[in-house]
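Visitor: Okay, here's the structure, questions in a sec.
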Amino acid sequence: MPKQNKPMNKKSNAYHKPTQHTAKKAKPSGPQILTYKDGMNVSDVAKAMDVSSAVIIKKLMLMGMMTSVNQIIDRDTVELVAIEEGFEVVDEVITDVTRFDEMDIEDDPKDLVKRPPIVTIMGHVDHGKTTLLDTIRKSRVAQSEAGGITQHIGAYQVDYKGEKVTFIDTPGHAAFTEMRARGAKVTDIVIIVVAADDGVMPQTIEAIDHAKAAKVPIIVAVNKMDRPQANPEKVMTALSEKGLTPEEWGGQIPFVKISALKGEGIDQLLELIILVSEVEELKANPKRFAQGTVIEARLDKGRGSVATLIVESGTLRVGDYLACGNTYGKVRTMEDDLKKRYKEALPAMPIEITGLNEVPKAGDIFKAFDDEKMTRQIAEERQSREREKELKKRSKTSLESLMGDMESSEKELNLIIKGDVNGSIEALKGLLEKIDIEGFHVNVIRGEVGAISESDVTLANATQSILIGFNVRPTASVKALADTQGVEIRLYSIIYRVQEDIEAALKGMLAPKFEEIVIGQAEVRETFKVSKIGTIAGCIVTDGSIIREALVRVLRNGIVVYEGKLASLKRFKDDAKEVRQGFECGLSIENFNDIKVGDIIEASKMKEMEIV
Ligand code: GDP
């Protein structure tokens with residue numbers, strides 16, 4: 001085995017510890033500088049200005065903002081506070097040493113060797129994608145020594161006449177494009193399956209668009225040729241009209257007629273794939289630390305975080321340290337879909353690994369290193385940046401929300417969902433985000449596979465979210481953290497229960513509705529003008545009672561002449577809270593002095609209505 005090269009960086013300092021972005025204190029002479037960092041909370045700002053959090057909280061209160069120590073404040077607000085204290089705010093300059101693309105090394109052309117093609121099968125529903133993938137897989141299981149025990153890991157490799165081909169279990173067209181958008185290079189060739197008895201359908205066109213956008217060669221497999229209604233010419237004509245002219249008609253696109261069900265034409269298809277990949281001259285450098293893409297990931301009850309990776313270049317080995325998405329770990333085991341164990345995985349090889357601390361996302365890029373500390377540091381830096389992004393998106397205590405958006409932000413219930421498999425998280429998200437109770441709705445801030453972590457609790461605290469664990473639980477230390485921060489964690493294993501509870505929670509959030517209840521009436525017997533105060537009415541309470549906080553209506557000959565609040569209520573010379581029927585009182589009305597003898601003062605109060 002060739003010796004591994006240590007990855008080198010284009011930038012010489014690329015693996016140095018990232019600079020700490022703490023706010024710098026100014027030299028005593030010059031202006032004081034506060035380095036603004038995304039997601040700063042009250043305590044961060046206080047520390048940056050070397051004052052106590054209470055000072056900042058007080059300043060914000062004077063500006064009309066009620067905050068707590070952990071509350072995130074937006075840049076404008078930080079600037080307002082800072083300027084008052086004589087600080088100048090400058091934005092943090094992020095020296096992004098943790099971006100994987102910047103760590104890329106250029107391969108020496110002499111290290112590049114041929115690698116297998118990675119193939120994705122696309123096409124309209126029911127045209128035979130799954131059957132084709134199964135048939136190809138079975139043809140290989142039959143040859144293997146593993147005795148046919150297979151597991152779904154999201155991708156597999158077959159050996160055809162000494163050449164390897166990697167197939168990705170179709171992730172769906174949109175997922176394919178999303179992965180590509182995130183920089184994943186996991187397809188060299190797209191096979192478009194079209195049923196000969198059904199022809200070109202909407203998703204066939206969609207598949208063509210996705211494949212064209214990915215700029216990868218296309219092979220058309222005209223399937224279900226065993227069917228009596230099969231009409232391959234019709235398919236060929238329709239595809240020619242879409243710009244995919246078959247080679248046999250003088251075009252560029254190889255077509256192969258198959259029956260996925262009967263296993264006919266499969267050899268020809270594999271031969272075509274190898275031919276096309278030879279034209280593409282697919283190469284990779286195995287003599288470096290591996291990098292590649294996550295195809296699938298889940299939380300396994302026994303094994304923890306399990307991820308299927310496709311090595312793009314380099315060689316992945318058991319024992320390598322991996323920075324993967326926002327997580328990291330040490331490769332503990334490597335297995336293929338036949339449960340065969342490997343010690344190393346070469347380029348284009350799909351492999352299921354265990355050993356990551358958390359569950360990455362499909363489409364995440366991974367990189368292997370030989371230094372645990374550096375790997376952890378890279379993952380932590382990436383994670384904290386991701387968190388800042390989330391916080392920034394969702395930060396509620398901003399000037400903006402204070403000025404105008406208060407209503408809409410108050411009408412949201414923030415949730416963080418953690419679950420064991422992506423499927424249930426997606427299902428939950430879909431279900432919960434649809435809930436709308438009188439304009440109140442759910443906002444899923446984070447929905448991820450994995451156990452409930454400290455980072456989830458911190459995010460929940462900062463965004464005032466409820467944490468939902470679906471088939472996952474927090475550890476005792478995470479639970480303790482949630483308790484101290486007052487973060488609510490709810491655990492579920494049935495989807496509709498979550499829905500029920502969230503609906504109930506939203507109902508509880510509804511602003512209470514009030515109804516007006518008349519509590520009493522008083523008749524004006526005399527009026528006095530008092531300078532500074534205005535008109536005081538001497539009354540007798542004729543019905544019920546008049547209370548100091550009452551809302552009042554002034555009725556004259558049965559007509560409402562004024563509606564407002566009481567300004568004062570007195571029994572003799574003393575302020576009174578309540579004056580009951582049959583007693584005399586003196587009262588004045590806010591902003592209304594035109595009270596006349598004979599007027600009726602009707603008092604009422606607002607009562608909260610029951611919500612059904
Ligand atoms: P997908 O939705 O594209 O994954 O399609 P499936 O692989 O699930 O196939 C849909 C249906 O078509 C199934 O009932 C298959 O048995 C059937 N089918 C797939 N390939 C063939 C074929 O080559 N011939 C015939 N007759 N049926 C097929």
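Visitor: Which members of segment 215-242 meet the condition of being of a type in the set (Gly, Ala, Ser) and within 15 Å of Gly123 (Cα to Cα)?
Guide: Across segment 215-242, the qualifying residues are Ala221, Ala238.
Visitor: Select from segment 250-264 the residues that are touching a residue at least 40 places away in the same chain (Cβ under 8 Å) and more than 6 Å from the ligand (Cβ to nearest atom) and list them in ascending order.
Guide: Across segment 250-264, the qualifying residues are Lys257, Ile258, Gly263.
Visitor: For segment 304-357, please list each of the strands (runs of 3 or more DSSP E) lying entirely inside it that holds at least 3 residues being closer than 17 Å to Ile168 by Cβ.
Guide: The strands (runs of 3 or more DSSP E) meeting that bar are 304-313, 350-356.
Visitor: Let me ask something else. Residues of segment 211-235 being more than 24 Å from Pro117 (Cβ to Cβ) and either surrounded by fewer than 20 Cβ atoms within 10 Å (Cβ to Cβ) or more than 16 Å from the ligand (Cβ to nearest atom) (or both), which ones?
Guide: Asp226, Arg227, Pro228, Gln229, Ala230, Asn231, Pro232, Glu233, Lys234
Visitor: Which condition number does Lys215 fail, the rest of (1) without any contact (Cβ under 8 Å) to a residue 24 or more places away in the chain; (2) within 37 Å of the chain's Cα centre (by Cα); (3) part of a helix (DSSP H, G or I) being met?
Guide: Looking at each condition in turn, Lys215 falls short on (3).
Visitor: Given the structure, is Ala480 surrounded by fewer than 19 Cβ atoms within 10 Å (Cβ to Cβ) and not aromatic (Phe, Trp, Tyr)?
Guide: yes
Visitor: Among the listed residues Arg288, Arg303, Arg298, which satisfies the condition of being in contact (Cβ under 8 Å) with a residue 12 or more places away in the chain, surrounded by fewer than 16 Cβ atoms within 10 Å (Cβ to Cβ), more than 16 Å from the ligand (Cβ to nearest atom) and not hydrophobic (A, V, I, L, M, F, W, C)?
Guide: After applying the criteria, what remains is Arg303.
Visitor: Another question about this same structure. Can you say whether Ile274 is part of a helix (DSSP H, G or I), open to solvent by less than 60 Å² (accessible area, probe 1.4 Å) and either under 29 Å from Ile192 (Cα atoms) or basic (Lys, Arg) (or both), as far as the supplied structure shows?
Guide: So Ile274 fits the description; yes.
Visitor: Now a separate question. Could you give me the residue pairs with C-beta distances under 7 Å whose first residue belongs to segment 70-84 and is assigned to a helix (DSSP H, G or I), whose second residue is of a type in the set (D, E, K, R) and open to solvent by 10 Å² or more (accessible area, probe 1.4 Å) wherever it lies, and which are 6+ apart or on separate chains?
Guide: Listed pairs, sorted by first residue: Val81/Lys59; Glu84/Lys59.
Visitor: In segment 548-589, which strands (runs of 3 or more DSSP E) lie fully inside it and hold 3 or more residues that are open to solvent by 70 Å² or more (accessible area, probe 1.4 Å)?
Guide: Of the strands (runs of 3 or more DSSP E) lying wholly inside segment 548-589, those with at least 3 residues that are open to solvent by 70 Å² or more (accessible area, probe 1.4 Å) span 559-571.
Visitor: Report yes if Met49 is among the hydrophobic types (A, V, I, L, M, F, W, C), out of contact with any His (no Cβ under 9 Å at 6 or more places or on another chain) and surrounded by 14 or more Cβ atoms within 10 Å (Cβ to Cβ), otherwise no.
Guide: So Met49 fits the description; yes.
The values are calculated or read from the model by the stated rules, or taken from the named source; none is laboratory data. Computed from a predicted structure; not experimentally measured. Cβ sites come from the backbone with ideal geometry, for glycine too, and all protein chains shown count toward neighbours. Calculation scope for accessible area: heavy atoms of the full protein, side chains included, ligands and nucleic acids excluded. Shrake-Rupley method; radii C 1.70, N 1.55, O 1.52, S 1.80 Å.
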